[in-house]
Amino acid sequence: MLPNRMQLNKTVEEQLKKLKASTGITPNVSARIAFFRSIESDYCYQPNIAYKLDGSLTLDKFTWLGKTQLVTELLLKQKYPELEGKELQIAWASHVEHGIGALRNHKLLSELTVNLN
């Protein structure tokens, strides 16, 4: 499963911080939303492509995933049964990066909730 300490790509981390500044949604919550948006879009992480986890925001798994931890890990294992540990974390981070694109330009929390449909 996912490691206990996780981080994201530096660029994604900056986008999450900007989203927090404009909407008030914390980076861990917006990362959860971005992850599930990416899963819904049928995006697929490519393990053979180099992906850096160079962000400075390193949080424990429970803080990043909250109550969605079990379903997040199950979805990742279903989609990528061959991945474990750090590789699974990279897949998660890749999904967050893919999903944040749909969220990063929102200025108000109400805009974000309207567009979740």
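Of the residues VAL12, VAL29, the single one that is in contact with an Asp or Glu (Cβ under 9 Å, 6 or more places away or on another chain), at pLDDT 90 or above and among the aliphatic types (A, V, I, L, M) is VAL12.
Looking at the structure I just gave you, is GLU84 open to solvent by 40 Å² or more (accessible area, probe 1.4 Å) and among the charged types (D, E, K, R)?
So GLU84 passes the test.
Scanning the range 44-92 for residues that are in contact with a helix residue (DSSP H, G or I) (Cβ under 8 Å, 6 or more places away or on another chain) and under 14 Å from VAL12 (Cβ atoms) yields TYR45, TYR51, LYS52, LEU53, ASP54, GLY55, SER56, LEU57, LEU59, TRP64, ALA91, TRP92. Residues in the range 29-52 that are part of a loop (DSSP other than H, G, I, E, B) and either touching a strand residue (DSSP E or B) at 6+ places or on another chain (Cβ under 8 Å) or surrounded by fewer than 17 Cβ atoms within 10 Å (Cβ to Cβ) (or both): SER41, ASP42, TYR43, CYS44, GLN46, PRO47, ASN48, ILE49, ALA50, TYR51, LYS52. Just one of the listed residues (THR58, THR11, THR72, THR23) is under 21 Å from LEU103 (Cα atoms), open to solvent by 30 Å² or more (accessible area, probe 1.4 Å) and of a type in the set (Val, Ile, Thr), and it is THR11.
The values are calculated or read from the model by the stated rules, or taken from the named source; none is laboratory data. Here the structure is a predicted model, which is why all the values come from computation and not from measurement. Here Cβ is always computed from backbone atoms with ideal geometry, including for glycine, and neighbour counts include all displayed protein chains. When the accessible area is computed, the model is the full protein with side chains, heavy atoms only, and any ligands, DNA or RNA have been set aside. Shrake-Rupley method; radii C 1.70, N 1.55, O 1.52, S 1.80 Å.
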